[in-house]
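Shown next, in structure tokens, is the structure this report addresses.
Each reported figure results from applying straightforward, stated rules to the coordinates on display, with no laboratory input. Given the structure is predicted, the values throughout are model-derived calculations rather than measurements. All Cβ positions, glycine included, derive from the backbone under ideal geometry; neighbour counts span all protein chains shown.
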Amino acid sequence: MSKSKRSWSWAYHKVRSYHVSRLQACYRATRFWLLGDTGSFVTHGGFRKSRIRN
């Protein structure tokens, strides 16, 4: 698999940059990789709600 901008690794690091746990980031990156969408999730210590889509 080639490393594209929107790889699992890219999504994992992007979600981690939003100050969420490793487990949550792993789940969201996997969801993004499979479905192209992380779904809504709480970030930045509960002060924001984020979503990453293709």
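See the values below:
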item: In the chain, chymotrypsin sites (Phe, Trp or Tyr not before Pro) in a DSSP loop with at most 14 other beta-carbon atoms within 10 Å; result: Phe47
item: Helix axis angle, 22-35 relative to the chain longest principal axis, alpha carbon, degrees; result: 50
